[in-house]
Every structure is written in C-alpha cells, then in structure tokens.
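Accompanying notes for the structure given below.
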Amino acid sequence: MMIEILGISGSPVKGGNTEALLQEALRGVTEDPEIRLKVFCLSELQIAGCSHCNWCLKNQTAEKFCAFSDGMDEIYPALLRSDVILLATPVHIARMSGLLANMLDRMRVFVYGNVHGRKLKDKVGGALIAAYRRHGGLESTLSALNNTFALFHMITAGEGGLALTSIGGEGKLVKGCRHMVLEDKFGVASAKGVVRRAVEIARIIKAGKDALRMA
C-alpha cells in the first residue's frame, strides 16, 4: 500500500532549523519502499496571499485551482496526491510564519472551490514546530495548525512535533552549530513520532476505504 507524504517547510530561511527538523523527522521513513516523499521549501517559492476575490467559488477547473498563478501551482496538485501533509514552521511572534500563513490562506480553494472543495477530507495532517524560546508560542502555533487540519476535515496525527532551537529553550546557542534544533533530542523524537503516527493512520484510512468499496 503506497503512502504519499508531502512535507512543507514554512521558514523563510533556506536550510535552517525548520527544514532540518522536517528532514530529520522524515528520515525514519525514507527507506520504506511503500512511502513516496515530496518536500517543498517555501523559501524557494513566491506565494501571494489570498485576495478573497472568490474566483475559486465558481471558476475552478480540474487543472486550475486559483485565479493567481505562482508557487501554489506546484503545491496544489501535490496536496491532492498526498495521503499525509506535514506542515513545518518556525514560531514568529507567537504564531506560524507569514510564508506558511499565505500558503494556508490560498488553500481556501479546498474549502469553497466549486471543483476542489473538500478534496483534503480524510488526509492526515501533522504539525512540526521550531521555536527559539520555550514559551515563545509553540502551543499557540500548534493550536492554529491543528485547527487548520480540522477546517479541511483532515485527521490530525499525534500531539505535534515541538522542538527548541536554543538550549533548553533559554536562548543559549552553541557556537558553530548550524542546526540547534537537532540538539533537542526530545523535540526531534516528538517530530519523528508525528510522522510515524501519520503514516499509521493513513494506512488505516486507505485500508478501511478499500474494505468499504469491496463490501
């Protein structure tokens, strides 16, 4: 049973802590022959915010999701193909990054779109979050992402992968260490746990739907 995983790094920093957390979380499933991975880094894409023009309510086609044409042109079909969607973000002012927020706003096409509305239903969502300070917004960001999954009628995997990018979340760094997030062993383990649980749930959902079709 093939499981398609889509990972999205929402950090504006290319090759930074958020991307490292996502890649490390995925490392545990890369050797599984029944898993296909696709990763997007929003730092490499241009994505405008949603203008709420309501074009998608009446004008969508199978190929054209949104009135705008930008980096979302690559992401929309990948979202449709995926069984698991992993959203990774740094915490910026007690919330997700602006890049990820723009992307999620543009996913309005999967709520109200005349062709693609509700197409994310029953996909599995997982949140991976990197924060510089312990009480800097991990929980509020996690809540926002989990609420997003609920809006799309997705299934949330685990408690979220929450990792710190300074020692103990106290703002202390190790000189020369590029990816402090990987020093948070508990945080990395929680992120890997989200991926494992997401794959498990996706397999259960696909097996259940196959069984229903054959009943």
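The values are calculated or read from the model by the stated rules, or taken from the named source; none is laboratory data. Everything quoted here is computed from the prediction, not taken from an experiment. Please note: Cβ atoms are built from the backbone with ideal geometry, for glycine as well, and neighbour counts cover all protein chains shown. We work out accessible area using only protein heavy atoms, side chains counted, and drop any ligands, DNA or RNA first. Shrake-Rupley method; radii C 1.70, N 1.55, O 1.52, S 1.80 Å.
At a glance:
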quantity	calculated
Sole residue being within 25 Å of Ile47 (Cβ to Cβ) and open to solvent by less than 10 Å² (accessible area, probe 1.4 Å), chosen from Ala150, Ala130	Ala130
Residue in the stretch 83-100 that is in contact with a Lys or Arg (Cβ under 6 Å, 6 or more places away or on another chain) and surrounded by fewer than 20 Cβ atoms within 10 Å (Cβ to Cβ) present	no
Neighbours by Cβ (under 6 Å, 6+ apart or cross-chain): first from the stretch 18-30, modelled with pLDDT under 95; second basic (Lys, Arg)	Gly28/Lys192
Residue count, the stretch 112-132 (criterion: under 22 Å from Gly49 (Cα atoms), of a type outside the set (Phe, Trp, Tyr) and not in a strand (DSSP E or B))	8
Boolean, Ala189 is open to solvent by less than 70 Å² (accessible area, probe 1.4 Å), closer than 21 Å to Ser97 by Cα and either of a type in the set (A, V, I, L, M, F, W, C) or assigned to a loop (DSSP other than H, G, I, E, B) (or both)	no
Close pairs (7 angstrom Cβ cut-off, 6 or more residues apart or separate chains): in contact (Cβ under 8 Å) with a residue 24 or more places away in the chain in the stretch 170-186, open to solvent by less than 50 Å² (accessible area, probe 1.4 Å) and among the acidic types (Asp, Glu) anywhere	Leu182/Glu24
Flag for Asn146 being assigned to a helix (DSSP H, G or I), within 20 Å of Ile205 (Cα to Cα), at pLDDT 95 or above and not aromatic (Phe, Trp, Tyr)	yes
Members of the stretch 24-65 that are among the β-branched types (Val, Ile, Thr) and open to solvent by less than 30 Å² (accessible area, probe 1.4 Å)	Val29, Ile35, Ile47
Conditions (1) open to solvent by 30 Å² or more (accessible area, probe 1.4 Å); (2) in contact with a strand residue (DSSP E or B) (Cβ under 8 Å, 6 or more places away or on another chain); (3) closer than 22 Å to Ile93 by Cα; (4) not in a helix (DSSP H, G or I); number of the one not met by His135	(2)
